[in-house]
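Working notes, beginning with the structure itself.
The values are calculated or read from the model by the stated rules, or taken from the named source; none is laboratory data. Only a predicted model underlies this, so the values are computations on that prediction, with no experimental measurement involved. All Cβ positions, even for glycine, are placed from backbone atoms using ideal geometry, and neighbour counts span all protein chains on display. All accessible areas refer to the heavy atoms of the entire protein, side chains included, with ligands and DNA or RNA removed. Shrake-Rupley method; radii C 1.70, N 1.55, O 1.52, S 1.80 Å.
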Amino acid sequence: FDPRHYLGTHCYGFPKTGPHRLRFLLESVKDLRETLKRKGSTLVVRRGKPEDVVCDLITQLGSVSAVAFHEEVREI
């Protein structure tokens, strides 16, 4: 979870993620984690700037051969 997603937007100062959306996200992540567990896998969830968190995870894991990501589309 990137803390910047829970701050005001660039336009009008409205929150990007209100309480209802946040609850939906948390419930979705919890459900995904439980589904993956049943299939013998897991889900790593972290809070922080992705550029820092991913770097830390790579360092912890030690044997990462690829990293995939996407960039959020910004409206103009």
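Going by the conditions given, is ARG23 at pLDDT 85 or above and basic (Lys, Arg)?
Against the criterion (at pLDDT 85 or above and basic (Lys, Arg)), ARG23 qualifies.
Could you list, in sequence order, the residues of the stretch 33-67 that are in a helix (DSSP H, G or I), among the hydrophobic types (A, V, I, L, M, F, W, C) and within 18 Å of PHE1 (Cβ to Cβ)?
Across the stretch 33-67, the qualifying residues are LEU36, VAL53, VAL54, CYS55, LEU57.
Just to be sure I understand, how many residues within the stretch 26-50 are touching a residue at least 24 places away in the same chain (Cβ under 8 Å), open to solvent by less than 100 Å² (accessible area, probe 1.4 Å) and not small (Gly, Ala, Ser)?
3
From the list PHE1, PHE14, exactly one residue is aromatic (Phe, Trp, Tyr), surrounded by 12 or more Cβ atoms within 10 Å (Cβ to Cβ) and modelled with pLDDT under 95. Which is it?
After ruling out the rest, the residue left standing is PHE1.
Taking the condition in contact with an Asp or Glu (Cβ under 9 Å, 6 or more places away or on another chain), β-branched (Val, Ile, Thr) and without any contact (Cβ under 8 Å) to a residue 60 or more places away in the chain, does VAL53 pass?
yes
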